[in-house]
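All of the numbers you see were taken from the coordinates with simple rules; none came from a lab. Just so it is clear, the structure is predicted and the values come from calculations on it, not from any experiment. For neighbour counting, all protein chains shown are included, and Cβ atoms are generated from backbone atoms with ideal geometry for every residue, glycine included.
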Amino acid sequence: MSGLLAGADGVVRCFWAGDLPDYQRYHDEEWGRPVVDDRRLFEKICLEGFQSGLSWLTILRKRDNFRAAFAGFDVAKVAAFTEADIERCLADPGIVRHRGKIVSTINNAKRALELVEEAGSLAAWFWSFEPKPEQRPGTLDHATLVAMPKTDISTRISKELKKRGWTFVGPTTIYAFMQAMGLVNDHIEGCHCRAVIERQREGFVRPG
């Protein structure tokens, strides 16, 4: 398998984008593009936690509902959620109604505030783990991608977050977060996004 799929529009994409317009749009416009906005980083790591045991497509299609339920993923606002907010979320059919994951999101918001105090921003902390070129595969093809659900670096980030009290942040979840937020470019060779994102990364100013 090449890991590439030509859509009905003739555009060649990574296989996982399939032929669904919303998934293709996410692949083309978001996945892998470098992100430094703390709110987006916090949102993504929370939604990756909610995805555990589900498909990303399920979460993507509920994302606006999650944003409404969790105050737009404003870290300070979510950190202040009360038991009443937990019950409100549990009663919301538009999101994944899993008490453990809802409680985890509130806990992680509190831990995120501590991390911002420590590092200056979530972006500065997460981007400090960006893999060096020599830590990346020489060629990103289908076989390489599917064999890499986690890495040494995602495992390290996971351990560091868990040490600080974060939850639902296992190494596979963290690697999916790294892929989506652009800490790595895992668009397969031949995908129309890969070169575009490589150019973005070359001009990207890392937070520090």
*State the answer as a single residue: which of 42, 190, 106 lies farthest towards the positive end of the charge dipole of the chain, with beta carbon charges of +1 for Lys and Arg and -1 for Asp and Glu, about the Cα centre.*
106
*asked:* Apply the Karplus curve 6.51 cos²θ - 1.76 cosθ + 1.60, θ = phi - 60°, to the phi angles in region 154-164 and return the couplings in whole Hz, x for Gly and Pro.
replied: 5, 5, 5, 4, 4, 5, 5, 5, 4, 4, 8
*Pop out the ³J(HN,Hα) list for region 77-93 in order, Karplus 6.51 cos²θ - 1.76 cosθ + 1.60 with θ = phi - 60°, rounded to Hz; leave Gly and Pro as x.*
5, 5, 4, 8, 4, 10, 4, 4, 5, 4, 5, 4, 5, 5, 8, 8, x
*asked:* Bin width 5 Å, origin at 0, all Cα-Cα pairs of region 4-203: what percent of pairs per bin?
replied: 1, 7, 15, 20, 19, 16, 12, 6, 3, 1, 0
_Estimated distance in nm for a label pair at residue 97 and residue 63, the labels positioned 7 Å out from Cα along Cα-to-Cβ_ = 2.4 nm
*Expressed as an acute angle from 0 to 90° and rounded to the nearest 10, what is the orientation of the C-alpha long axis of helix 38-51 relative to the principal long axis of the chain?*
90 degrees
*How big is the gap, in Å, between the Cα center of region 151-169 and the Cα center of region 85-135?*
12 Å
*Please report the base-10 log of the normalised intensity I(q)/I(0) for region 112-164, using a Debye sum with one equal scatterer per alpha carbon and no solvent, at each q in 0.13, 0.23, 0.26, 0.28 (1/Å).*
-0.42, -0.93, -1.05, -1.13
*For region 1-119, report the translational diffusion coefficient in µm²/s to the nearest whole number, using Stokes-Einstein at 10 °C, 1.306 mPa s, and a Kirkwood Rh over Cα pairs.*
101 µm²/s
_Rounded to the nearest 20 debye, dipole of region 4-203 from Cβ charges on Lys, Arg, Asp, Glu_ = 500 debye
*Convex hull over the alpha-carbon atoms of region 96-201: what's its volume per residue in Å³?*
120 Å³
*asked:* Can you show me the helix-derived [θ] at 222 nm for the chain, built from DSSP H runs with n ≥ 4 at -39,500 (n - 2.57) apiece and divided by the number of residues, rounded to the nearest 500.
replied: -15500 deg cm²/dmol
_Too-long pairs where the Cα-Cα distance tops 28 Å, listed order kept, from 62/163; 62/132; 77/159_ = 62/163; 62/132
*Short version: ³J(HN,Hα) in whole Hz for each residue of region 15-31, in order, from phi by Karplus 6.51 cos²θ - 1.76 cosθ + 1.60 (θ = phi - 60°), x for Gly and Pro, what are they?*
3, 6, 5, x, 10, 8, x, 5, 6, 4, 5, 4, 4, 6, 9, 10, 4
